[in-house]
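The values are calculated or read from the model by the stated rules, or taken from the named source; none is laboratory data. All values reported here derive from a predicted model rather than from experimental measurement. Cβ coordinates were reconstructed from backbone atoms using ideal geometry, including for glycine residues, and neighbour counts include every protein chain displayed. In case anyone asks, the SASA skips ligands and DNA or RNA and just uses the protein heavy atoms, side chains included. Shrake-Rupley method; radii C 1.70, N 1.55, O 1.52, S 1.80 Å.
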Amino acid sequence: MPTYETLPRFATDLDRLTPEQRRRFRQTVTAFVEDLRTGGHFRAGLRVKRVQRAPGIYELTWSMGTGPAGRATWEYGAPIVPGEQHIVWRRIGTHDILTGP
C-alpha cells in the first residue's frame, strides 16, 4: 500500500475547497493509488504530468464539475515501507497553484 504525507500548504489549500471538491479529489486519489499499486503507469484520465520548471514535481488534474479543473501537485518521497511508493502532496486547488507548486 503506498504511503503519503501532506505539506502544511496542502492542508491549508484543502481546507479552502468545498466539500464537493474534496469528494471529487478523494475519488481521483482512489484511482491514483490503484495505479501506483500496479506499477505507477497512470491511466490517461488522471492526467498526470511533470510540472514545467519544477524538477521532480508532478501534477494530477481532474474535473471539479463546474468551474476550473482541480489540480494537486506531488512528488515521490523516500520510501517509508520498503518496496512501496511514498507520495508527498504539496498543493491542491486550481491552475493557480502552479505558480508555487
Among the residues listed as 3, 73, 28, 94, the single one being polar (S, T, N, Q), more than 11 Å from the chain's Cα centre (by Cα), surrounded by 12 or more Cβ atoms within 10 Å (Cβ to Cβ) and at pLDDT 90 or above: 3
The range 83-100, subset in a loop (DSSP other than H, G, I, E, B), touching a strand residue (DSSP E or B) at 6+ places or on another chain (Cβ under 9 Å) and of a type outside the set (Asp, Glu), residue nearest to residue 37 (Cα to Cα): 85
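Conditions (1) surrounded by 12 or more Cβ atoms within 10 Å (Cβ to Cβ); (2) assigned to a helix (DSSP H, G or I); (3) modelled with pLDDT of 90 or more, marked per residue:
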site	(1), (2), (3)
21	yes, yes, no
35	yes, yes, yes
41	no, no, no
56	no, no, yes
Selected residue [over 12 Å from residue 93 (Cβ atoms) and not small (Gly, Ala, Ser)] from 38, 73, 61: 38
Subset of the range 76-85 [surrounded by fewer than 18 Cβ atoms within 10 Å (Cβ to Cβ) and not aliphatic (A, V, I, L, M)]: 76, 77, 79, 82, 83, 84
Test: residue in the range 62-77 that is part of a loop (DSSP other than H, G, I, E, B) and within 18 Å of residue 4 (Cα to Cα): no
Filter result (loosely packed, with under 11 Cβ neighbours inside 10 Å and within 20 Å of residue 76 (Cβ to Cβ)) within the range 43-54: 52, 53
Filtered residues of the range 6-18 (kept if open to solvent by 60 Å² or more (accessible area, probe 1.4 Å) and either of a type in the set (Gly, Ala, Ser) or touching a residue at least 12 places away in the same chain (Cβ under 8 Å) (or both)): 6, 9, 16
